[in-house]
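Heads up: the structure comes next, in structure tokens.
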Amino acid sequence: MNTILKHLKSHKGVSAYKLNITRRESYELFFVKGSLETVRNTDNTDKEVTVYVDHGDFRGHAQFFVYPSTTEEDLVRLVDEAVEKAKLIDNPRYELVAGETGEFAVPTNFDTYDASELAAIMANTVFDANTLDVTSLNAVEIFINRITETVVNSRGLHKKQTRWTAMVEAIPTATENGESVELYEQYNFNTLDLDTLRTEIADKLAQAKARHDAKPMEITGNPKVVLNSQELMELFWNFADDLDYATVYSHGNVYNKGDAIQSDPEGDLIGLTVTASLPGAAGSRCFDRDGMTLFQQRIIDGGKAVAYHGTNRFGQYLGEVPTGAFPCLRLDAGSVEHAEFSEGPYLEIVSMSGIQTDFYADYVGGEIRLAYWHDGEKIIPVTGVSVSGKLSEVLNRIRFSREYTLCGSYFGPKKAIVLDFNIF
């Protein structure tokens, strides 16, 4: 790092600089059909250098990576090339984050275990989750990562954060009557909670069996539809992205501060917050890649857009206070008790090919890979159907569960009731 900084400071063409160093130490297990095939340790460090060059009224930038094989002569050449590239970029001027220093750690309980012990506990929990005769885990991969991120820039910033993440990848499989269905599961987290891990894998195994049994069917009328946390996360990240400084600066946003997200609300009012961290979320951070300390920002309140959020650069462009790039999302809970979800006939969506949202066309919908049709007496696994609706109508009458859950980078209602989907 000292060698890199020496050449950046001494180069007359460099107006400012930033250095991002990411070290990832991992312990990995690979299972095939329940048998441990490979144990692997890795230790990788990435060094990314960003060079800024002021020219006229503009500030251009260019990046390059430094590898263990990079010589000092290579480094001189790379800085020269970056300076020339940055001169071609005509971005409005902005200042880098200044003066912050310190070492930080994202809360976790992983650091109380030895990595091999932690991986073994996770593996045992994953395989114990299979309690069905017709299901199995064809492949399981477990990754435990200790990530150390350092940001240094030319305005005196020097910060380091340590965070832990785990990823369980699995192929749940259901086999009956000579036919098999495989699903893919990726579960990311930063806190060991064995009950949650076991439930996550058990649910996906049950879904594999349901997907094996599922058939297309015609659903008549306009029954209520229940969304689960995955689709809620995808839906509301779209709103967070729309209110991002970069989207607003490029005039790609639909909603502005003060606009009603719910024009005529009859259901639960939407409240949305972007935040630095969530308990158990693998994406949690103390600061972003610019070194900006992250807190939280309320962006939708009472069904109305109330604020933007985003990086240091685009915040300055808009004349807003930069918030940094938030990795996590928190949605307010609603009014629906658990028992209400099971009332009357309804379609519960378990898995979609991805919920599709088009703000301009006022559309929301998508193809369903697996759903459960509750007809009041029995539960029937369904596939091959789709849902669609007007986004404005869906939002006006959507109702959220009181119960919270964590799903990836989302913490919010576990389920939601939608009354305005067409099913076909």
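Bear in mind these aren't lab numbers, they're just calculated from the coordinates by the rules spelled out. Since the structure is predicted, the reported quantities are computational estimates derived from the model, not experimental observations. Cβ sites come from the backbone with ideal geometry, for glycine too, and all protein chains shown count toward neighbours.
Packing, taken as the mean count of other beta carbons within 10 Å per residue, orders the peptides 212-221, 373-382 from highest to lowest as 373-382, 212-221. Between amide H atoms placed 1.01 Å from N, distances below 5 Å from A281 occur with N190, all of them 5 or more places distant or on a separate chain. Between the residues A120, L157, G302, the greatest Cα displacement towards the positive end of the dipole of the chain, with unit charges on the Cβ of Lys, Arg, Asp and Glu, is found for L157. Relative to the Cα centre, the charge distribution of the chain, modelled as +1 at Lys and Arg Cβ and -1 at Asp and Glu Cβ, gives a dipole magnitude of about 1260 debye. Couplings 3J(HN,Hα) of the stretch 16-30, computed from phi: 7, 8, 9, 10, 10, 10, 10, 10, 10, 9, 10, 10, 10, 10, 10 Hz, in residue order, whole Hz [Karplus 6.51 cos²θ - 1.76 cosθ + 1.60, θ = phi - 60°; x for Gly and Pro].
Magnitude of the charge dipole for the stretch 224-423, about its Cα centre and with charges confined to Cβ atoms of Lys, Arg (+1) and Asp, Glu (-1), is about 500 debye.
Here the dipole of the stretch 10-77 is about 120 debye; that uses its Cα centre as origin and unit charges on the Cβ of Lys and Arg (positive) and Asp and Glu (negative). Using a/c under 1.5 as the rounded threshold, could you call the chain rounded, prolate or oblate? The axes a ≥ b ≥ c are square roots of the C-alpha gyration tensor eigenvalues, and prolate needs a/b larger than b/c, oblate otherwise. Cα axes put the chain in the oblate bin.
By definition, a body whose alpha carbon gyration tensor gives a ≥ b ≥ c is oblate when a/c is 1.5 or more and a/b is not larger than b/c, and the stretch 94-252 fits this oblate description.
Residue-wise HN-Hα couplings along the stretch 120-133, as the Karplus relation 6.51 cos²θ - 1.76 cosθ + 1.60 with θ = phi - 60° gives them from phi, are 5, 4, 4, 4, 4, 5, 4, 6, 5, 6, 7, 10, 9, 5 Hz; Gly and Pro carry x.
Which lysines does K215 reach when only Cα atoms under 29 Å apart count, and residues fewer than 8 places away in its own chain are ignored? Result set, ordered by chain and number: K33, K204, K224, K378, K390, K414, K415. Is the stretch 43-106 best put as rounded, prolate or oblate by its Cα gyration tensor, with a ≥ b ≥ c the root eigenvalues, rounded for a/c under 1.5, and otherwise prolate when a/b is larger than b/c, oblate when not? Here the stretch 43-106 falls in the oblate category.
Annotation: amide H-H contacts under 5 Å for Y363 (H modelled 1.01 Å from N, sequence separation of 5 or more, or interchain): D358, L391.
Database remark: amide H of V350 closer than 5 angstrom to the amide H of L370, A371, Y372 (H placed geometrically; neighbours at sequence offset of 5 or more, or on other chains; Pro and chain starts carry no H). What the phi angles of the stretch 103-110 give under the Karplus curve with 6.51, -1.76 and 1.60, with θ = phi - 60°, is a coupling list of 10, 9, 9, 6, x, 6, 10, 4 Hz, glycine and proline written as x.
What residue among L347, H374, P327 has its Cα farthest toward the positive end of the dipole of the stretch 318-377, where the charges are +1 on Lys, Arg and -1 on Asp, Glu, each on the Cβ? Selected residue: P327.
Using Cα positions and a limit of under 26 Å, work out the lysines in reach of K85, with same-chain residues fewer than 8 apart set aside. Result set, ordered by chain and number: K6, K9, K12, K18, K47.
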